[in-house]
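The structure appears right after this line, and notes come after that.
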Amino acid sequence: MDVLLVVGTRKGLFLIRESGNEWQLEEPLLPGWQINHAVLDPRDGSLYACTNSWVYGGTVHRSTDLGKTWERSEELGLPEESGLKLASTWHLEPGHPSQPDTLWLGGEPGVLFRSDDSGATWAANEALLGHETRERWAPGAGGLVCHSIALDPGNAGRLWIGISAAGVFRSEDGGESFEPANAGTEACFLPDDPFPEVGQCVHKVLAHPARPERLWQQNHCGVYRSDDAGASWERLDENGLPSPFGFALALDPADPDVAYVIPEEGAENRVTSDGRLGIYRTGDAGASWTPTVAVDPAWAAVLREGMSFDADGGVYAGTQSGFVYALRDGQVTEAARHLPPILSVEASTWQ
Amino acid sequence: MAVVLLPGLLATEAGGQKRFELEVETVGAALHALPVANLLLDEAGAVRPLVHVYVNGERERDLAAPLPPGACVRIVAAIAGG
């Protein structure tokens, strides 16, 4: 089984296929669209892309033939009574395996959608739209974006979402209601109230697929782990990481104690730390971190959707300067170069 | 009948068709009749800010504006982006 990298960029979608020891870059797909995130649905092989345009707004495209032909969502928008309009589509998460036609979609301004017809039509999540804390949410540099959607493989009713800058929210009832899940995570940019109920600038949240009560979070203000499904968080970034700041996050499905981050200098200088592109790994649940240096020197940046992992421990990162790197068995290889600025990377296997 | 002309990306989204002949009476009806209506109009039915509609060479902002017989409606994407 070889790896297929699905790479979303500011200017189109790219597929990079592994064939033997070679990476093969295919012709661009969806030219003219900004792809904030794209993913291959492991349930049926459909390819989904969060497609955005300055002119034509945000939507979702679906292909059932790996990009040869596309369908666009027919109904996607916010209800008029909300007073909000959909600004962009950001992250698409295939639903629970027991719900084969269900998809989740995060977007701006801090909104979540669910589709039960494989993306043809979408319903806005009312619980988030009218959440009692919404007036305390504030947009980050990328907008008020719902960018993380983590599902519990063992419980179709449980999901977590991450919104910048509102924080992490957990649902135990399939999205009928959401509760803030930010205890212990800092909002370091709010000096008068650094541990609020909501308002944290979460950059990425992932649930470990084999131990989903264990969550990992790269935040504007630190790297965190939760072992109780988000009820509390422990900060992990003072044991070998050069900076608490970063966006990208990856896990190892075979080992819940493993995680990867790519630290950046800080909020005011968003380039990789120490003038190099270092992918930092912990193998002890965040007690210590050690880097694998992909490029030195480098002042790169990997965005929140820009790192992914496969089932065999491989990690893949795409930079805003258009390079894609693969980290496997401690070795880094270059999978692509000179792409448009990379916004997302997802690793899949294909036959 | 009105003729509607689409720019490249919209024509791709319309299955490769860039010219439509429509039996419609208003600008709004013309936009709604296109297979790319949800790219031209937002969820509230308003024309997206960077979508410009020209009728016989004149910018038209009113969706209720009537289309004269044989009108040529051209959709133009405003200059934006980078």
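The values are calculated or read from the model by the stated rules, or taken from the named source; none is laboratory data. This structure is a prediction, so every number in the text was calculated from the model and none was measured. Neighbour counts are summed over all protein chains in view; Cβ atoms, including those assigned to glycine, are modelled from backbone coordinates with ideal geometry.
Checked against the criterion of being without any contact (Cβ under 8 Å) to a residue 40 or more places away in the chain, among the aliphatic types (A, V, I, L, M) and more than 18 Å from residue A:110 (Cα to Cα), the range A:33-50 has no qualifying residue.
Among residues of the range A:62-77 that are of a type in the set (D, E, K, R), those with a beta-carbon under 6 Å from a residue that is modelled with pLDDT of 95 or more and surrounded by fewer than 19 Cβ atoms within 10 Å (Cβ to Cβ) at least six positions away or on a different chain give the pairs A:62/A:71; A:74/A:120; A:74/A:121; A:75/A:121. The residue that is surrounded by the fewest Cβ atoms within 10 Å (Cβ to Cβ), counting only those in the range A:81-111 that are β-branched (Val, Ile, Thr) and more than 16 Å from residue A:51 (Cβ to Cβ), is A:102. Residues that are in contact with a Gly (Cβ under 9 Å, 6 or more places away or on another chain), under 15 Å from residue A:315 (Cβ atoms), surrounded by 16 or more Cβ atoms within 10 Å (Cβ to Cβ) and touching a residue at least 12 places away in the same chain (Cβ under 8 Å) do not occur anywhere in the range A:232-243. Just one of (1) of a type in the set (Gly, Ala, Ser); (2) at negative phi; (3) touching a Lys or Arg at 6+ places or on another chain (Cβ under 8 Å) fails for residue A:210. It is (3).
Residues checked against (1) in contact with a His (Cβ under 6 Å, 6 or more places away or on another chain); (2) among the hydrophobic types (A, V, I, L, M, F, W, C); (3) within 27 Å of residue A:312 (Cβ to Cβ):
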{"residue": "A:4", "(1), (2), (3)": "no, yes, yes"}
{"residue": "A:15", "(1), (2), (3)": "no, yes, yes"}
{"residue": "A:26", "(1), (2), (3)": "no, no, yes"}
{"residue": "A:29", "(1), (2), (3)": "no, yes, yes"}
{"residue": "A:61", "(1), (2), (3)": "no, no, no"}
{"residue": "A:65", "(1), (2), (3)": "no, no, yes"}
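Looking across the range A:128-142, just one residue is more than 21 Å from the chain's Cα centre (by Cα) and surrounded by 18 or more Cβ atoms within 10 Å (Cβ to Cβ), and that is A:131. Taking first residues from the range A:168-183 that are on the phi > 0 side of the Ramachandran plot and free of Cβ contacts under 8 Å to residues at least 40 places away in the same chain and partners that are surrounded by fewer than 22 Cβ atoms within 10 Å (Cβ to Cβ) and of a type in the set (A, V, I, L, M, F, W, C), the Cβ contacts under 8 Å between residues at least 6 apart in sequence or on separate chains come to A:174/A:156.
Can you pull out the residues in the range A:152-174 that are within 18 Å of the chain's Cα centre (by Cα), hydrophobic (A, V, I, L, M, F, W, C) and outside any loop (DSSP other than H, G, I, E, B)? Passing the criteria: A:159, A:160, A:161, A:163, A:168, A:169. Check A:236, A:251, A:215 and return the single one that is in contact with a Pro (Cβ under 8 Å, 6 or more places away or on another chain) and closer than 23 Å to residue A:164 by Cα. Residue meeting the stated conditions: A:251. Close Cβ contacts (under 8 Å, 6 or more residues apart or on different chains) running from residues in the range B:43-72 that are within 15 Å of residue B:24 (Cβ to Cβ) and within 14 Å of chain A (Cβ to nearest Cβ) to residues that are outside any strand (DSSP E or B) and not basic (Lys, Arg) comprise B:53/B:27; B:53/B:31; B:53/B:60.
Residues that are in contact (Cβ under 8 Å) with a residue 40 or more places away in the chain, crowded, with 22+ Cβ neighbours inside 10 Å, assigned to a strand (DSSP E or B) and among the aromatic types (Phe, Trp, Tyr): does the range A:114-122 have at least one? There is no residue in the range A:114-122 that is in contact (Cβ under 8 Å) with a residue 40 or more places away in the chain, crowded, with 22+ Cβ neighbours inside 10 Å, assigned to a strand (DSSP E or B) and among the aromatic types (Phe, Trp, Tyr). Tell me, yes or no, whether the range A:248-258 has at least one residue that is farther than 20 Å from residue A:288 by Cα, at pLDDT 95 or above and surrounded by fewer than 24 Cβ atoms within 10 Å (Cβ to Cβ). No, the conditions are met nowhere in the range A:248-258. When residues in the range A:178-225 are screened for being among the acidic types (Asp, Glu) and assigned to a strand (DSSP E or B), 2 of them pass. The residue of the range A:25-79 that is farthest from the other protein chains (Cβ to nearest Cβ), among those that are more than 18 Å from residue B:40 (Cα to Cα) and among the basic types (Lys, Arg), is A:43.
For every residue, the table says whether it meets (1) closer than 25 Å to residue A:347 by Cβ; (2) small (Gly, Ala, Ser); (3) over 17 Å from the mean Cα position of the chain (by Cα).
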{"site": "A:222", "(1), (2), (3)": "no, yes, no"}
{"site": "A:229", "(1), (2), (3)": "no, yes, yes"}
{"site": "A:252", "(1), (2), (3)": "yes, no, no"}
{"site": "A:267", "(1), (2), (3)": "no, yes, yes"}
{"site": "A:288", "(1), (2), (3)": "no, yes, yes"}
{"site": "A:305", "(1), (2), (3)": "yes, no, no"}
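Exactly one residue out of A:274, A:257, A:312, A:237 is over 16 Å from residue A:347 (Cα atoms) and assigned to a loop (DSSP other than H, G, I, E, B), and it is A:237. Across the range A:298-320, the number of residues qualifying as free of Cβ contacts under 8 Å to residues at least 60 places away in the same chain and under 19 Å from residue A:245 (Cα atoms) comes to 10. Residues of the range A:10-33 that are farther than 18 Å from residue A:68 by Cα and either modelled with pLDDT of 95 or more or surrounded by 22 or more Cβ atoms within 10 Å (Cβ to Cβ) (or both): A:10, A:23.
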